[in-house]
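The values are calculated or read from the model by the stated rules, or taken from the named source; none is laboratory data. Source: prediction; values computed, not measured. Neighbour counts run over all protein chains shown; Cβ positions are idealised from the backbone, glycine included. Note: areas computed on protein heavy atoms with side chains; ligands, DNA, RNA excluded. Shrake-Rupley method; radii C 1.70, N 1.55, O 1.52, S 1.80 Å.
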Amino acid sequence: PEDTVTSSFASFIHAARPEHLSQTVRQRSKRMILDSIGVGLVGSTTRVFDIALRYCRELYSSVAVSSVYGKPGVKLSPTLAAFTNGVATHSMDFDDTWHPATHPSGAVLPALLAASQMLPPNTKPTGLDFLLAFNVGLEVQGRLMHFSTEAHNIPKRFHPPSVVGTLGSAAATAKLLSLSSAQCCHALGIAASLAGAPMANAATQAKPLHVGNATRLGLEAALLAARGMEANPLILDDIPGCSGFSAFYSVYQPKPLSTPGQHHEFLLEKQDIAFKRFPAHLGMHWVVDAALSVRNLFINYAGSFSPSLIRTIMLKIPVSKYINRPFPSSEHQARHSFQFNACAALLDGEVGLGSFSESSIHRQELRELLDKVVVEHPEDNVANFDKMYGEVALLLHSGDVLTGKCDTFYGHWRKPLSKESLLKKFRSNASHVLPEEKVEAIITLVDNLETLSDSSQL
């Protein structure tokens, strides 16, 4: 059908061209690509990644042409490589975050990397083709999230990358494979039938599967559409009595996507991405910065950080059940605990990779700090990554009160990481599994992505 929301998205995917990407969009998206690769590389050192990789290698055998993060010489089929690399990207909750809330890069990049290696030598996409497909995948995710006010707040039902990420992966792959407008439409419809994962699996080893499945199943949706499979051509429209994409969101109000060109501005042009400085849920970054601020005040007050002087640690945070975890017992729970991250920052003066080790989580001195935590939910502190704040107050036995507050952490889209900080993060992550010369080679490849003749080199 003509003039529908779904057909407008399909037309956008099909019609997008490299010249539609502004310099700002290109630069921001290359930063995302570099960061996501680094996060995936360090994620390949985790237990959940090992489980996913062993599962793929033992249960499946097919054309193994696509590379796996951090495993030189290991190849899998394209869809399984996408799945495994997606799991790696989200294994530490270290990947980028947008607003409305989702993890956009991890759902798209692994599918494009796998598909680039899958295509025959004479049809390899260029780096510019790759960059365009990546941005198409981002744009589709961003536009879909604006269909419902529910999506603007910290999620309660579906984990966003498992929903919009699956369709974003399908759109990006459809673009890379040069599918027709009709095929792009069907790819979105097929992807919608493969999407969705509940928030109850947050803070478990199953959560990284959400991103792994999003990127894999989006790739599969595009491949199925390329082979002639059809789906509902109105999947994104609001059809009374028939739930399509509206099944995932309440108060669903879809809007058509304009044709790329003079009258279309990519969302990435208007809003940057949040890059995480340490591997934990995005909400943790507010309380950590607030805790570090009050820790400095405490040291100036007492000369050193002395937990015995503290009677109560007051956290003022938004209401969000799955990240309000008083006594986390695993690394994945700790990455989703306001209380743990605030206390780790107070105790150590930083939060990093080592903060979530078994030995660090179960320290007696950390447990003693957790016992002192009291949580408040001020009415003005809403569960929204664009509006929330974190506040940490230390109520001392002396009667004095010291307070630290953060409304925009370093790395938030309002306070982006500098180029130097992003490169430092990437080098630190990638160096866990790659030698220095390969780390630097990836930086150069991504920086010059537009000039790359064969994107599978990436």
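Annotations for the structure displayed:
- Net charge contributed by nearby residues that have their C-beta within less than 11 Å of LEU257 (K/R +1, D/E -1): +1
- Mean ellipticity per residue at 222 nm, deg cm²/dmol - from DSSP H runs of n ≥ 4 across the chain, formula -39500 (n - 2.57): -14500 deg cm²/dmol
- Highest average packing first - 237-244, 192-199, Cβ atoms within 10 Å: 192-199, 237-244
- The shape of segment 1-53 comes out oblate: with a ≥ b ≥ c from the C-alpha gyration tensor, a/c is at least 1.5 while a/b does not beat b/c.
- Å² of accessible area per residue within segment 111-236, as computed with a 1.4 Å probe and no ligands counted: 30 Å²
- At q = 0.09, 0.14 Å⁻¹ the log10 of I(q)/I(0) for the chain amounts to -0.57, -1.27, computed by Debye summation with a single uniform scatterer per C-alpha, solvent ignored.
- DSSP bridge orientation in the chain - percent antiparallel, rounded to nearest 5: 80 percent
- Positive minus negative residues near SER36 (Lys, Arg vs Asp, Glu; Cβ under 12 Å): +1
- Environment charge of ILE154, counting only residues whose C-beta is closer than 12 Å and scoring Lys/Arg +1, Asp/Glu -1: +2
- Protection proxy ranking of 411-420, 7-16, by the mean of other Cβ atoms within 10 Å over each peptide's residues and highest first, is 7-16, 411-420.
- For segment 282-406, a Kirkwood radius taken over Cα pairs fed into Stokes-Einstein (4 °C, viscosity 1.567 mPa s) yields D = 91 µm²/s.
- Value of relative contact order over segment 113-243, rounded to a whole percent, pairs C-alpha under 8 Å and six or more apart: 28 percent
- Rounded to the nearest 20 debye, the dipole size of the chain about its Cα centre is 560 debye, using +1 on the Cβ of Lys and Arg and -1 on the Cβ of Asp and Glu.
- Highest mean packing first, where packing is the average number of other Cβ atoms within 10 Å per residue, the peptides 114-124, 389-399 line up as 389-399, 114-124.
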